[in-house]
Amino acid sequence: MIASLPLFHRIAGQPVIVLGMGDAADAKRRLVERAGGQIVDDLQEGIDRGARLAFIAHEDEQSAQADAIRARCAGLLVNVTDRPQLCDFTVPSVLDRAPVLIAIGTGGASAGLAKQVRLRLEAMLPRSLGALADGLHAARAALRARWPDAGDRRRALDTALAAGGALDPLNEASAARIDEWLGADAVVMATEPIDITLRSHDPDDLTLRELRWLGAADVIVHERDVAAGVLDRGRADAIRLEVARGESYTVEGLVVTLRAPISV
């Protein structure tokens, strides 16, 4: 179970309340401006203008609590600096490869940890990642024409974007290869049923290949005793079917069957 639901919130051109003085408040103002939001520094004015988010950075505890309660009662989602118990949402450390954004959060436990994880990822991900995303967006019509079936299209992309694939996201040159890939005889992930007998209930014991299969599966067939943590490694929109031990199930698309660990 995850502690909070990660979301990307569009605020361009929208009023966003930012209260407080000092470095923490200034950092929140810069963040809002970077996302195109309109900063409002008066709580009532922000409520009247229909703001949906409020950042509160008062140093005084009572002022922070009072404004947080007032904003929440008005229907706003609230972030209170350094007071996670008062927050409806927290602000992640953001790795920007626009339009690709990677948000790293710790649920307010440690902003320093989130920052260090982001810095490690910064060194791994090429600057061309955003260009790759823009190129794939521009190629949507060509992708639909090449693979009219949504499942085939997704599997073709999964194959191309996998490690070592024609459009490997970690390869600086991939952004310039989209047209070449579309014009070639692209390799598409096979749709033969895949049967996995788990070695344990720990999702960390899944191999990289098994994780790739789960991430691409259209249907995940699983026995009752398969741990929820393992199922959560699959696509969120994949169809899930529970079966009895040893039972098989025939459906269309890429089907991955998960067998519970065999007790010794």
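Throughout, read-outs are computed from the coordinates displayed, never taken from laboratory work. Since the structure is predicted, the reported quantities are computational estimates derived from the model, not experimental observations. Don't worry about glycine lacking a Cβ; one is built from the backbone with ideal geometry, like all the others, and counts go over all protein chains shown.
Counting only alpha carbon atoms, the long axis of helix 150-161 and the longest principal axis of the chain meet at about 80°.
The calculated FRET efficiency for D42 paired with A66, based on their beta-carbon distance and R0 = 25 Å, is about 0.95.
Could you pull out which residues in the stretch 199-213 have an amide N less than 16 Å from a spot 7 Å beyond the Cα of A228, following the Cα-Cβ vector? Once the point is set 7 Å along Cα→Cβ of A228, 201-203 turn out to lie under 16 Å by backbone N, inside the stretch 199-213. Helical runs assigned H by DSSP (4 residues or longer) give the chain a calculated mean residue ellipticity at 222 nm of -10000 deg cm²/dmol, each run adding -39500 (n - 2.57) before division by the residue total.
For the options A114, A244, A166, a Gaussian network treatment of the chain with springs between C-alpha atoms closer than 10 Å singles out A244 as fluctuating the most. Annotation note: GluC sites (Glu not before Pro) in the stretch 159-212 located in DSSP loop regions with a Cβ neighbour count of at most 15 within 10 Å are E172.
Applied to the stretch 196-209, the Karplus parametrisation 6.51 cos²θ - 1.76 cosθ + 1.60 on θ = phi - 60° returns per-residue 3J(HN,Hα) values of 10, 9, 5, 8, 7, 8, 8, x, 5, 7, 5, 7, 4, 5 Hz, with x for Gly and Pro. Along the axis of the charge dipole computed for the stretch 49-126 (Cβ charges of +1 for Lys and Arg, -1 for Asp and Glu, origin at the Cα centre), the listed residues A66, S110, V94 are led at the positive end by V94. Using only Cα atoms and rounding to the nearest 10 degrees, what angle (0 to 90) does helix 61-73 make with the longest principal axis of the chain? Result, in degrees: 60. Angle of helix 111-124 to the longest C-alpha principal axis of the chain, folded into 0 to 90 degrees and rounded to 10: 50°.
For the stretch 249-255, 3J(HN,Hα) computed residue by residue from phi via the Karplus equation (6.51, -1.76, 1.60; θ = phi - 60°) reads 8, 10, 9, 7, x, 7, 10 Hz, glycine and proline entered as x. Once the C-beta distance of D134 and A236 is scaled by a Förster radius of 22 Å, the resulting FRET efficiency is 0.35 to the nearest 0.05.
Note on R199/Y249: beta-carbon distance plugged into 1/(1 + (r/R0)^6) with R0 of 22 Å gives a FRET efficiency of 0.50. In whole Å, how far is the Cα centre of the stretch 219-264 from that of the stretch 1-53? Here the two parts' Cα centres lie 42 Å apart. Exposure proxy for M21, M1: other Cβ atoms within 10 Å of each Cβ, ordered fewest to most, give M1, M21. Projected label points at I262 and V100, each 7 Å from Cα along the beta carbon direction, are separated by 4.1 nanometres. How many percent of all Cα-Cα pairs in the chain sit more than 23 Å apart? Summing the P(r) of the chain above 23 Å gives 65 percent of all pairs.
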